[in-house]
Structure formats: structure tokens, C-alpha cells
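Reviewing the structure listed below.
The values are calculated or read from the model by the stated rules, or taken from the named source; none is laboratory data. Worth saying up front: this structure is predicted, and the values here are computed from it rather than measured. With ideal geometry, Cβ positions are generated from the backbone for all residues, glycine too; neighbour counts draw on all protein chains shown. All accessible areas refer to the heavy atoms of the entire protein, side chains included, with ligands and DNA or RNA removed. Shrake-Rupley method; radii C 1.70, N 1.55, O 1.52, S 1.80 Å.
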Amino acid sequence: MKKIMFLGFCMMLAACGQKATQAPEIEFVDDVKAALSADGQINLDNLEWTREPAGYEVKGDTISITTAPHTDLWQRTYYHFQNDNAPVLQMKTREKFFSFVVKTDFTQSHQRFDQCGIVMYLDSENWLKGSVEYENEAFQHLGSVATNNGYSDWATTAIPADVKTMWYRFSRRADDYLIECSTDGTNFSQMRVCHMYAAAEEIQFGIYACSPEESSFTARFTDMKITECAWKAHDGQQPDEE
């Protein structure tokens, strides 16, 4: 996978018969802005691994990630351990208003806590994720985790174990974030609204999969796209005046 590229250029100008040199400018090539102007299509070559998985394949618009045992993302709270070795595939952006949509297929998940979903991984102590985590043959956990300054939370709801696909929509609105889920890719339900203290300017976001216990499975990600921000401005109570 190629990293997001930075382009430098230098231009020579001519005026009144004399040449003036403009200093080189460095432009951030933002894949999100490119996608917003090109029908939401994402250049998969611009995604970058934070950690590579046990195996992966990119074929057409499908990304398959095969997890390794004992991979996870969690920081401190309640369990008191720190796990920071899940494979994460992301893109960078400074764009403040957009939505990212992806469909996940976790048909192969079979061991407790097998999971795959959407992620905004900034560093080991600041990240946000949404996923379905396998529990047993009766139910699994649909939920999200926000980790700020090295402490994770976990908000979940139980769903039937026979659910094997889930859509997610990750939206950024200035410095606030929204994760939604959908079973059909059309009707989305809110999972979490949060503020991420370390995510005020440039961020990284994308997909992840992991197997915290003695397990391995292959997760598939399809239908990835960038859209205008689907999270509209709040039209209820106005902010307090300072």
C-alpha cells in the first residue's frame, strides 16, 4: 500500500521582462477531499497500515483481513490491561465535515471477542472504534469504544448471533464524531456521539479487525465510500452564550 503522498512544486513567474521565483509550496494531498469531488470513490492505494494483519488481500473494492490470535485494542479501564496490537488500515485527512461508510462481513467469526469494524486510530491512547464482537452461538455485542488519554470505555447492546454483516457510518463534524450502524446500508441508527480531544486537526480513520483470544478469522470490507457529512447541524437547543 502506498502512503498518502505529499507534493512539492516550484513555479517561475515572469513579469515586466524580469523573472521572479516563488518559494516551493508543500500541499497536503487529501484523499477525503478527492473522494468528495469524485462520487465518493476511495483510492485504496492511499490507505496505510498502522499494523499489518496476519494476512490480507485487496481485490477490486474488497479488502479481506485475516486476524492473528491475541490481537486487540483496549486501554486500562476495568480490565487493567493494555492491548495495542490490532491491525488497522487507514487514510489521513484534515477535512472537518464528511462521512465514511463501509460494509463489514464477519461470517467467519467464531470465538469470543472476534471483531471487525470502523476505527479512528490516532495513537495507542487516543482512538475510537465501532464493531460487532462475537460472544457465543446465541448473541453478540454491537458496540463502540472511545479511548481518550489512555482510558477506554465500552458501550454495547446485544444482537442475535446470526447477524453476519453490518454497515457503519463514521462522521466528522468539526471536532466531534458520530458512529452509526445499519443492517441494509440505507437506514442508519446512532451508536455514539463523542468528542475526541486529540482529534482536532489531522486525523486517521478506516477499518480494523482482531481476535483477542486464541482465534483467527477473515473479515471482509466492501462498499467503502466518502460522502458529504450526513450528520447535520443540531436544530434543537442552541449552545449557551459565553
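Here are a few things to note about the model shown:
- Taking all protein chains into account, the per residue accessible area for the chain stands at 52 Å² (1.4 Å probe).
- Sequence-distant contacts, meaning Cα pairs under 8 Å at least 6 residues apart, place the relative contact order of the chain at 25 percent.
- FRET efficiency, 1/(1 + (r/R0)^6) with R0 22 Å, evaluated for His110 and Tyr79 via beta carbons: 0.50
- For the chain, built as a Gaussian network whose Cα springs stay under 10 Å, the top-fluctuating residue of Thr62, Thr186, Thr147: Thr186
- Shown is the FRET efficiency for Asn187 and Lys33, computed with R0 = 35 Å from the Cβ-Cβ distance and rounded to the nearest 0.05: 0.80.
- Relative contact order, whole percent, for region 51-169 stands at 21, derived from Cα pairs under 8 Å and 6 or more residues apart.
- Carbon + sulfur, % of accessible area of region 52-172 - ligands and nucleic acids excluded, 1.4 Å: 48 percent
- Solvent-accessible area, 1.4 Å probe, carbon plus sulfur percent, for region 199-240: 45 percent
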